[in-house]
Amino acid sequence: MRKYFVGGNWKSNNTMADTHTLIGKTINALNFGPEKTEVAIFPSTIQLTEVQKQLTNKNVYVGCQNISKYGFGAYTGETSVLHLKDLGINWTLVGHSERRSLFAENNAIVAEKTKFALDNKVNVVLCIGETLQERESDQTLNVIQQQLGHVKDVLAAKDSWSNIVIAYEPVWAIGTGKVATPQQAQDVHAFIRKWMAEHVAKEVAEAVRIIYGGSVTEKNCQELITQTDIDGFLVGGASLKPGFTDIVNAVNQAQ
């Protein structure tokens, strides 16, 4: 059985006081079985060390929202995986749609970052997904396989995928209040698993965790998590609220 995964992407939000309150009242109070569910929070980079200090719930991982494709060097403004390793942080998001659309990170760059993180023993939540225009023009599956294909092409070992969580996030559902129906989400997740079986390996496809992101809340998470190929969530705005507890509980109680 695949272990569930819930990630909280805080994006560029929270004063330090907000973060202290969120950790103290919500994150430190999360109660789940780590043998069944993994939980990670992804604060803004500038708050990573403070989050580590405030976090007393040792079952919750801390990750970074983005990394550089380079190591140490003359890369002004970048955060290297080597910085994360130095802090004892072993998770990062890669390829979030906001990085792709606002900061021109194409499939090749996302693949490079994924490989560099894995080469340095940092686990990756690999974000993929289509825009509204791409969905309406029936290009969803083409977009998904192109995004996955670039990553597959740079990973020499099948074992690399054991350190990747795939996050399917339809761009049209991120921060819009819209959410894919459980069936829409399941259909894409099933396609991803089938693609992995055909292009990587069947055993990899069966083991890889595929989570859903896109306006996930405590109100819609219970129906979504019942789908066969949905292994958890990447949560945006709702991860900044007390309802994040309900999302984690729903996943941890899922069968």
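Readers should treat all values here as calculations from the given coordinates under stated rules, not as data from a laboratory. Predicted model only: the values in this text are computed from it and were never measured. We place every Cβ from the backbone using ideal geometry, glycine too, and count neighbours over all the protein chains shown.
Of His20, Ser101, Gly149, whose Cα points farthest to the positive end of the dipole of the chain (charges on the beta-carbon: +1 Lys, Arg; -1 Asp, Glu; origin at the Cα centre)?
His20
Once phi is turned into ³J(HN,Hα) by the Karplus curve 6.51 cos²θ - 1.76 cosθ + 1.60 with θ = phi - 60°, what whole-Hz value does each residue of the range 36-44 show in order, with x for glycine and proline?
Each residue's phi maps through the Karplus curve to give 10, 9, 9, 10, 9, 10, 10, x, 4 Hz.
Note down the magnitude of the dipole of the range 102-165 about its Cα centre, charges +1 on Lys and Arg C-beta and -1 on Asp and Glu C-beta and zero elsewhere, to the nearest 20 debye.
Dipole size: approximately 300 debye.
Restricting things to alpha carbons, find the Rg to Rh ratio for the range 113-207 using the Kirkwood radius for Rh.
My calculation puts Rg/Rh at 0.98.
Multiplying the sequence separation of Leu141 and Lys11 by 0.36 nm and subtracting their Cα-Cα distance, what value in nm do you get?
Gain on stretching Leu141 to Lys11: 44.1 nm.
Specify which residue in the list Cys127, Ile210, Ala117 is farthest towards the positive end of the charge dipole of the range 105-255, using unit charges on the beta carbon of Lys, Arg (+1) and Asp, Glu (-1), about the Cα centre.
Comparing the listed Cα positions along the dipole, Ala117 ranks first.
Hey, with R₀ at 30 Å, roughly what FRET efficiency would Phe72 and Ala157 work out to, going by the Cβ-Cβ distance, to 0.05?
It comes out at approximately 0.75.
Show me, for the range 93-100, the HN-Hα J-couplings you get by feeding each phi into the Karplus relation (A = 6.51, B = -1.76, C = 1.60, θ = phi - 60°), rounded to Hz, glycine and proline as x.
So the Karplus estimates, Gly and Pro as x, are 7, 9, x, 4, 4, 5, 5, 5 Hz.
Need the full-extension length gain, Gln255 to Lys53, defined as separation in residues times 0.36 nm minus the C-alpha distance. One decimal, nm.
69.3 nm
If you count, for each residue, the other Cβ atoms within 10 Å and average over each peptide, how do 247-254, 92-99 line up from highest to lowest?
Working: 247-254: 20.9, 92-99: 24.0.
With the highest mean Cβ count within 10 Å placed first, the list reads 92-99, 247-254.
Just the ratio, please: alpha-carbon radius of gyration of the chain over 2.2 N^0.38 Å, N its number of residues.
Rg over 2.2 N^0.38 Å, computed on Cα atoms: 0.94.
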